[in-house]
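The values are calculated or read from the model by the stated rules, or taken from the named source; none is laboratory data. Just so we're clear, the structure is a prediction, and the values are computed from it rather than from any experiment. Here Cβ is always computed from backbone atoms with ideal geometry, including for glycine, and neighbour counts include all displayed protein chains. The protein model used for the area step is the full one, side chains on, heavy atoms only, and it has no ligands, DNA or RNA in it. Shrake-Rupley method; radii C 1.70, N 1.55, O 1.52, S 1.80 Å.
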Amino acid sequence: MSRLKKIIGILIAIFVLQIGVVVLQSHAANENIFTGVDISKNGNGSIIAKLSEDETKLTITGTGEMIEWDMQSSVPWYRYRKLITAIEINKGVENIGSDAFSGCINLKTIKVPNSIKEIGAWALDRCESLTRIEIPSSVTSISPYAFDSCSALTSVEIPSSVTSMSASTFINCANLCSINVNINNTKYTSVNR
């Protein structure tokens, strides 16, 4: 009986230690997003994402390309995506990575600088509270499904610089009434319904 108690005691101790390690790892991973986490494509720390203490504003700073995520649950702010209401991307960042802000259902504003060249697939899909976005003249490519199910969008301005865009870029945007393309764009024309 004594031996069985020792074994059970050891197993309980191991279990408690494992829980402690998981909690510490989880806490450390969550703290990174508040102090800044590297989201640069090459992993050299050239682009940092930081979430405000109130968990509502995400700021992206640095220079170069952002990671292209394979799924929305891979982004460091995934746990907070439904709380984020504002995103600010600073000048120097060159792309909005695939799935970057997917599912940020309460996102109301996003500041996109004139250094962004590409908006990745599903980058802003299901941002259901986003009513408008200014696409800067530096953007040349908007990937398929980039704005999928952005149901609050009513109109979009496409600059003359955009030379690559898919028919599915704005799919399932139920309230999108007009896509106004700059008159100097040689590849696309405006669509209104």
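Applying 1/(1 + (r/R0)^6) with R0 = 22 Å to the Cβ-Cβ distance of Thr59 and Ile105 gives a FRET efficiency near 0.70. Maximal additional length on extending the Asn114-Lys91 stretch stands at 7.6 nm, based on 0.36 nm per residue less the C-alpha distance.
Its relative contact order, with pairs defined as Cα atoms under 8 Å and 6+ residues apart, puts region 42-147 at 22 percent. When the Cα convex hull of region 101-193 is projected onto planes of every orientation, the mean area is 4.9 nm². Modelled spin labels at Asn42 and Lys82, positioned 7 Å past Cα toward Cβ, are 3.9 nm from each other.
Given in Å, the Rg to one decimal and the Dmax to the nearest whole number for the Cα atoms of region 66-134 are 11.0, 29. Would you mind telling me the share, in percent, of accessible area of region 69-193 contributed by carbon and sulfur at probe 1.4 angstrom? Using a 1.4 Å probe with all protein chains present, region 69-193 comes out at 49 percent carbon and sulfur. Set the Cα radius of gyration of region 146-193 against 2.2 N^0.38 Å, with N its number of residues, and you get 1.09. Considering only the Cα atoms of region 67-106, their convex hull presents on average a projected area of 2.8 nm². Here region 34-101 is treated as an ellipsoid with the same Cα gyration tensor; its semi-axes, largest first and in whole Å, are 17, 14, 10. Were the residues from Ile171 through Lys187 laid out at 0.36 nm apart, the gain over their Cα-Cα distance would be 3.8 nm. Sequence-distant contacts, meaning Cα pairs under 8 Å at least 6 residues apart, place the relative contact order of region 106-146 at 55 percent.
Diffusion coefficient (Stokes-Einstein, Kirkwood radius over C-alpha pairs, 37 °C, 0.692 mPa s) for region 112-161: 297 µm²/s, rounded to a whole number.
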